[in-house]
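Right, one structure below, let's go through it.
Derivation of every value follows stated rules applied to the coordinates shown; laboratory data play no part. Computed from a predicted structure; not experimentally measured. We place every Cβ from the backbone using ideal geometry, glycine too, and count neighbours over all the protein chains shown.
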């Protein structure tokens, strides 16, 4: 599990293809990789990956064909910047929201504009995932926990404060940038419970308790 609070920025130092899979080497000098263990999970742009080799300045990981197909990792090249977050430890502060590192879909930045000192982004995601997006709800974009400002169809707006822009790769976004998206897992559980039709959770219940 992760929190969506990026701990450091790194870069793709090497990329090797073998039988359809990819071995990535990620380089970063701002995380204590030698205190981690082989087999630990590290989120790269919001994708939960397993460290198979560790060094003082980074780690290596294998990316499966499945992961390449459902995320934006396949479009990265050597030198590409990435957001990094080690897996959450018990007892740590939950600064963002609970994130699994299992990307739901790939989205696209539609527009970018200035909003005082912040950046205003509009991102489009596939229509089948739009039902999980709600105003003032949480969403994870390239591993960053963010609050949704507005929703219009299958597009949503985000306000990126200067700190987030500086400490993540979001400052490099422009129209057309492809991003990994993980919707709030609570939205998925609510949908599942309502689909069960056991009468315990209904739209009337949610309205009565202020959730809708």
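Given a Förster radius of 30 Å and the C-beta distance between residue 90 and residue 30 as r, what FRET efficiency does 1/(1 + (r/R0)^6) yield to the nearest 0.05?
E(calc), rounded to 0.05, equals 0.85.
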Value of Rg/Rh across the chain [Cα atoms, Kirkwood radius]: 0.99
0 to 90° range, to nearest 10: angle between helix 185-196 axis and the chain longest Cα axis: 50 degrees
Selected from 185, 34, 194 as most flexible by GNM, with the chain as the system and alpha-carbon contacts under 10 Å: 194
Gain in span if fully extended, residue 194 to residue 1, counting 0.36 nm per residue against the direct Cα distance: 67.0 nm
Estimated distance in nm for a label pair at residue 118 and residue 78, the labels positioned 7 Å out from Cα along Cα-to-Cβ: 4.0 nm
